[in-house]
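Q: Handing you a structure now.
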Protein chains: 2
Amino acid sequence: MLLINDVTAVTMDAQRRILSNASIAIDGNQIVAVDTSDVLKTRFASAEQFQADGMVVIPGLIDTHAHADQSLLRGLGDLMHWIPFLDDVVEPYLVKRDPADAVLANTLAMMEMLRCGTTCFVSPNVDPRDDYQSLSEAIGNLGIRAVLGRFIIPASGKDNLEIAKTTVNAAVNVMNKWHGSQNNLLTMWFGLDVPRRPGDTDHPYFYKTVSEQAEAMDVGIVYHFCSEIEDANYIVDNYGVRPAEWSKDNYALGSNVLLINGCQVTPLEIEILAETGTNLVHSPVANMKMATGILPLVDVLNAGVNVSLGTDGALNNNSYDMFSEMKSACLLQNAIRQSPTAMTAQTALEMATVRGAKAIGREDDLGSIEPNKMADLVLLDLKQVNTYPIHDPVSNIVFSANARNVHTVFVAGRKVLDDGCITGMDEAMVLQSAQERGEKICAELKLSGSNTWPVS
Amino acid sequence: MLLINDVTAVTMDAQRRILSNASIAIDGNQIVAVDTSDVLKTRFASAEQFQADGMVVIPGLIDTHAHADQSLLRGLGDLMHWIPFLDDVVEPYLVKRDPADAVLANTLAMMEMLRCGTTCFVSPNVDPRDDYQSLSEAIGNLGIRAVLGRFIIPASGKDNLEIAKTTVNAAVNVMNKWHGSQNNLLTMWFGLDVPRRPGDTDHPYFYKTVSEQAEAMDVGIVYHFCSEIEDANYIVDNYGVRPAEWSKDNYALGSNVLLINGCQVTPLEIEILAETGTNLVHSPVANMKMATGILPLVDVLNAGVNVSLGTDGALNNNSYDMFSEMKSACLLQNAIRQSPTAMTAQTALEMATVRGAKAIGREDDLGSIEPNKMADLVLLDLKQVNTYPIHDPVSNIVFSANARNVHTVFVAGRKVLDDGCITGMDEAMVLQSAQERGEKICAELKLSGSNTWPVS
């Protein structure tokens, strides 16, 4: 038993209660009580007492779009349009890197996430060639929660029921092996690929098979959707329907589906997402940086679609920092809707917590500070020059806080960041390796970034 | 003599050289040499050696729009349109606060700035009722560089040559007293007010007098300009000219003038700013948050106008963090111009350094790391999980770094932030006072922020 004492708890429970002078009782990996410190100190007098006087506690942030394997190439996607970005950087990197590089990249990104208060992330398109054993171990060592969307596509490029079943079964074997590993920190999803541009092929049998299998396994499906003008137009030009219609026709929508980006969605498509209970993850920083388009976020939210937040990655953000996403989501909507009331800090925090939990089908055990939920908690030291005074803690969290305010992080009751120190692995070693391997890969791929200033 | 050794120096000199394995020699308040560490360690063997192995050094960031007196009200401008924002928050605060509150607010904001690598800021509209003695002392104690635009307006509301001269002379007496104080850390400017909305009056004699006096004193003029649709339209409706034309007619443009915002500028006005050599400060975060409009920044830069960056303040940002401004400037332009190449990290860093120096008429001694310039330096520890690996230091500085990477800061050769610790004042005391006074002022002003969630 652990009792975190004398905090302000921004619970994100159904009533969105903010409790001052609160304590949070943790038993094993779960929260067992949230109440005033007076009450809980008496009730749990024999528990280990963790004094966190004056800190503000929020649920662990959930980054539902994080290409954690890209951190070794930080900054090398600057100034790139998405098609050369994929063809000249992402794809060659996937081919050239060895499995240890992917583990290293994920490890670095996960460390950054923990330092930014992210306790759970969704990595779409996890490469089948990756070393899942080592990846799983890194997740377990760091103690972060990961949803890995294992990339799946018919190897032959052909499509019939038999090929679809063979492809999906092969993936399922791998997924079953790792799903739930590391004491349930690791969840395996299907990372789908749908047509986005000339040369892409579609696989109707395959999509249907994935959908059925995901339902049978009670896991999710994640894929990039209707992100850019070009990919939306490609669907319209080739299939005569909008991307959401195409996805619906291909069994690729639903409450266990997480769509990435959706910047180009039309009102019709927003309705379809709402009707099918499909989730959407918004990555405002990467969308802006790469100029992929501007999601009509407020319209999507108003239609009742569950929208979460994500960072995208080190290649087009170039951070894994959910504080920045929360703030940027508000800034972008206010700017384009020409209203300072378009987006509230409250909605942004919901997107990073409860809505993120719902997006990954975990609203029952993640996303808020309540009894029987997982003890995924971020202790923020807001008594700092950038976040003081506190008149409205939610405003300070969304608009003023940054990674420097993240003091201590718990995932499933384990202290994974302790007063600013990552507890599960040695940071310095990872940093050193990341620089060495990052440089080596860049040299191999002949990537040099966009700097034009003389370096000597 | 101090020698900062074994760093990467992003010099921002005329060639924009980036020097690896570099040292920076400081004598008193000035940089005296920048060269390879090998060379300088021999040349300055008897100097105090400061080992900063692997750090990246940039010129001190210059925040050219920072209402440093607003920090006590952090977050209380959320969701507000600019007119009620001014009428219901800013103006009552100016009336209600006592001079000690303004000093406290400035102190808190200056501490935040130092922690964010800001070594110089422009505070427009510094209230004539403020306690300049204490403000000057706080600036000196913290060791930050401040340009205070003393707010000036004819007290009578009337306008003729005599009133104008009386008003300006009274201001000049105060300005002369503090201009150059604290070993030249403090610079006094004119903080002008021009008509923005119904009820505002104009004072042509007064503007001309200020302009002449500023030129005579070799100081600058700063004012809010053409920020919102409403204030631009007000000028058009009342004077039949665009705001830049109005400003030109009123002697309120020129190379010693710093215009704030300018979101609504037309192509004609951009030309006028370029022709007159007028400077413009862009505050992308606050502009987006308050939905005041989107500056066509790239067009303004392409026309040859000097544009710098600013944070605006704790009421509409809600931070004093120039890293966030650099990144947001890029994100916003890329998004609205629908191109990932619209704004580069390089341009953003220029706006925060050399262009900022030029905006305040200090291009000769601030803004870059060169011999004979002031030793205003920021040592960034980029060997952190959010900024590693480093392939392109400028990209990592602009897109990946945050306040957590700011390790040590020098202003005029003095170490004002030492390994994350502010050296000049006790932070804890300031924080405590800020909360107490902030709460008291809010109670007096009946300000409660925009939180709608139940707090208990």
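Q: Could you run through segment A:35-56 and say how many residues are surrounded by fewer than 24 Cβ atoms within 10 Å (Cβ to Cβ) and in contact with a strand residue (DSSP E or B) (Cβ under 6 Å, 6 or more places away or on another chain)?
A: 12
Q: Ok, one more. So, in segment B:409-442, of the ones that are without any contact (Cβ under 8 Å) to a residue 40 or more places away in the chain and closer than 15 Å to B:ALA105 by Cβ, which residue ends up surrounded by the fewest Cβ atoms within 10 Å (Cβ to Cβ)?
A: So, considering only residues that are without any contact (Cβ under 8 Å) to a residue 40 or more places away in the chain and closer than 15 Å to B:ALA105 by Cβ, the one surrounded by the fewest Cβ atoms within 10 Å (Cβ to Cβ) is B:MET429.
Q: Quick check: is even one residue across segment B:343-353 surrounded by fewer than 24 Cβ atoms within 10 Å (Cβ to Cβ), modelled with pLDDT of 95 or more and at the interface with chain A (Cβ under 9 Å from one of its Cβ atoms)?
A: Within segment B:343-353 (the criterion being surrounded by fewer than 24 Cβ atoms within 10 Å (Cβ to Cβ), modelled with pLDDT of 95 or more and at the interface with chain A (Cβ under 9 Å from one of its Cβ atoms)), the answer is yes, since at least one residue qualifies.
Q: If I filter segment B:320-332 for residues that are outside the structural domain of B:SER395 (by TED's automatic domain parsing), at pLDDT 95 or above, more than 26 Å from B:LEU268 (Cα to Cα) and assigned to a loop (DSSP other than H, G, I, E, B), do I get at least one hit?
A: Checked segment B:320-332: at least one residue is outside the structural domain of B:SER395 (by TED's automatic domain parsing), at pLDDT 95 or above, more than 26 Å from B:LEU268 (Cα to Cα) and assigned to a loop (DSSP other than H, G, I, E, B).
Q: Just for segment B:13-32: of the residues that are outside any strand (DSSP E or B) and facing chain A (nearest Cβ under 9 Å), which one is nearest to B:THR42 (Cα to Cα)?
A: B:ARG17
Q: Within the bounds of segment B:61-71, is there any residue that is more than 9 Å from chain A (Cβ to nearest Cβ), in a helix (DSSP H, G or I) and surrounded by fewer than 19 Cβ atoms within 10 Å (Cβ to Cβ)?
A: no
Q: Which count do you get for residues in segment A:332-342 that are touching a residue at least 40 places away in the same chain (Cβ under 8 Å) and crowded, with 24+ Cβ neighbours inside 10 Å?
A: Residues that pass the stated criteria total 1.
Q: While we're on this one: Take the residues of segment B:83-105 that are in contact with a Ser or Thr (Cβ under 6 Å, 6 or more places away or on another chain) and within 13 Å of chain A (Cβ to nearest Cβ): which is farthest from B:ASP200 (Cα to Cα)?
A: Filtering segment B:83-105 for residues that are in contact with a Ser or Thr (Cβ under 6 Å, 6 or more places away or on another chain) and within 13 Å of chain A (Cβ to nearest Cβ), the one farthest from B:ASP200 (Cα to Cα) comes out as B:LEU104.
Q: Additional query: Going by what's in this entry, would A:GLY449 be described as in contact with an Asp or Glu (Cβ under 7 Å, 6 or more places away or on another chain) and open to solvent by 20 Å² or more (accessible area, probe 1.4 Å)?
A: Against the criterion (in contact with an Asp or Glu (Cβ under 7 Å, 6 or more places away or on another chain) and open to solvent by 20 Å² or more (accessible area, probe 1.4 Å)), A:GLY449 qualifies.
Q: Now a separate question. Where residues in segment A:1-12 are open to solvent by 10 Å² or more (accessible area, probe 1.4 Å) and either in contact with a Ser or Thr (Cβ under 8 Å, 6 or more places away or on another chain) or closer than 10 Å to B:SER456 by Cα (or both), which of them is nearest to the other protein chains (Cβ to nearest Cβ)?
A: Going through the qualifying residues, I end up with A:THR8.
Q: Looking at segment A:421-456, which of its residues are within 23 Å of the chain's Cα centre (by Cα) and more than 9 Å from chain B (Cβ to nearest Cβ)?
A: A:CYS421, A:THR423, A:GLY424, A:MET425
Q: Moving to a separate point now. What are the residues in segment B:132-159 that are of a type outside the set (Ser, Thr, Tyr) and assigned to a helix (DSSP H, G or I), if any?
A: B:GLN133, B:LEU135, B:GLU137, B:ALA138, B:ILE139, B:GLY140, B:ASN141, B:LEU142
Q: Follow-up. Looking at segment A:283-313, which of its residues are within 13 Å of another protein chain (Cβ to nearest Cβ) and under 14 Å from the mean Cα position of the chain (by Cα)?
A: A:SER283, A:PRO284, A:VAL285, A:ALA286, A:THR311, A:ASP312, A:GLY313 - these are the residues of segment A:283-313 that are within 13 Å of another protein chain (Cβ to nearest Cβ) and under 14 Å from the mean Cα position of the chain (by Cα).
Q: Can we say A:ASP299 is touching a helix residue (DSSP H, G or I) at 6+ places or on another chain (Cβ under 9 Å), open to solvent by 20 Å² or more (accessible area, probe 1.4 Å) and without any contact (Cβ under 8 Å) to a residue 24 or more places away in the chain?
A: For A:ASP299, the condition - touching a helix residue (DSSP H, G or I) at 6+ places or on another chain (Cβ under 9 Å), open to solvent by 20 Å² or more (accessible area, probe 1.4 Å) and without any contact (Cβ under 8 Å) to a residue 24 or more places away in the chain - is not met.
Q: Now, a different point. Could you list, in sequence order, the residues of segment A:304-319 that are small (Gly, Ala, Ser) and not in a loop (DSSP other than H, G, I, E, B)?
A: Within segment A:304-319, just A:SER308 meets the criteria.
Q: Let me ask something else. List the number of the failed condition for A:LEU377; all other conditions in (1) within 14 Å of chain B (Cβ to nearest Cβ); (2) within 18 Å of A:GLU112 (Cα to Cα) hold.
A: (1)
The values are calculated or read from the model by the stated rules, or taken from the named source; none is laboratory data. Keep in mind it's a predicted model, so treat the numbers as computed, not measured. Cβ sites come from the backbone with ideal geometry, for glycine too, and all protein chains shown count toward neighbours. Side chains are part of the model used for accessible areas, which takes the heavy atoms of the whole protein and leaves out ligands, DNA and RNA. Shrake-Rupley method; radii C 1.70, N 1.55, O 1.52, S 1.80 Å.
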